[in-house]
Amino acid sequence: MTDEGEYEEYRNTLNEIVDGGGCVETMAATSDLRGEGSETSRRDLLASDALAGGVAETVDGVLAEVDTEEARAALRADYEDLGDVREAFRETVEPALFDALDAVGIDLALDDFALDPAVCLKTFTESDLEEAMTLLPHVFEGGVVGRIVARTPVDGGIATVHAIPEWDQSYAVLDRDGAETLVLPDGRIVDCAGASEQETGVDCDPERSARTEYVQQVVEVDGEDYVVETTCSMV
């Protein structure tokens, strides 16, 4: 478990999370830049230009005509601060989801989520934090809404819960023994091994010279798409 001092290093404001924090680098590259004995913090490197490079062409066939500023505006629209984000998560997650998790041997409750630290997507994806929360764009054919994602350790793995307040939707992704499963509040359990990739067309960090884009891994269940992971990839 990450100790309190390391948590403090990762904490961000709502604006820092929405603005991406710099989503070009990988944590492996971060380790190389920090070097042995370096006092450079992770947050310093998440904002560093040292890892930017190359400019890719805009990708065709993206999900929606949404630019980065529209995506950021959508994320900020309903929240004054991170307290509002946490409250929206608690209000959106369905109690039935925890019944469904219990049915697969996971004893978990809403209060088990610390919802801290709140971090940008890249830190959420690449860091070693067992507990964390992030707010990111959920891109679909009609545009973009905010999706709140939080994780916590469970017996044998990690449970990650996704909440989309605007749609009053929640679901979980359970990672145990190297396998991921999607758990829905109605009790449906789906293997994530067949997840497909969606290019969103939304730049993670337009201030960088390298073109980066939110990419969604999606599992389809009865004609409905569930985003089980979002990454920020160079394109």
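The values are calculated or read from the model by the stated rules, or taken from the named source; none is laboratory data. Everything numeric in this text was worked out from a predicted model, so none of it was measured. Virtual Cβ from ideal backbone geometry, glycine too; neighbours counted across all protein chains shown. Side chains are part of the model used for accessible areas, which takes the heavy atoms of the whole protein and leaves out ligands, DNA and RNA. Shrake-Rupley method; radii C 1.70, N 1.55, O 1.52, S 1.80 Å.
General remarks:
- For residue 12, the residues 5 or more places off, or on other chains, whose built amide H falls under 5 Å of its own are 118.
- Where labels lie 7 Å past Cα in the beta-carbon direction, separation of residue 166 and residue 90 in nm: 2.4
- Rolling a 1.4 Å probe across all protein chains gives residue 203 an accessible area of roughly 20 Å².
- The GluC sites (Glu not before Pro) found in region 132-235 that occupy coil by DSSP, while having at most 14 further C-beta atoms within 10 Å, are 141, 207.
- Residues in region 181-211 that a label on residue 221 would reach, taking backbone N under 11 Å of a point 7 Å out along Cα→Cβ: 181-192
- For region 162-178, 3J(HN,Hα) per residue [Karplus equation, 6.51 cos²θ - 1.76 cosθ + 1.60, θ = phi - 60°, Hz, x = Gly/Pro]: 10, 10, 10, x, 4, 9, 6, 10, 8, 7, 10, 10, 9, 10, 9, 6, x
- Site pair residue 116 and residue 104 shows an inter-label distance of 2.9 nm when each label is modelled 7 Å from Cα along Cα→Cβ.
- Modelled this way, with points 7 Å down the Cα-to-C-beta line, the labels at residue 141 and residue 73 are 2.4 nm from one another.
- Proximity of backbone amide H atoms, modeled 1.01 Å from N, is registered between residue 229 and 217 at under 5 Å, excluding neighbours fewer than 5 places apart on the same chain.
- The residues neighbouring residue 165, those whose beta-carbon lies less than 13 Å from its own, together hold a net charge of -4 under the Lys/Arg +1, Asp/Glu -1 convention.
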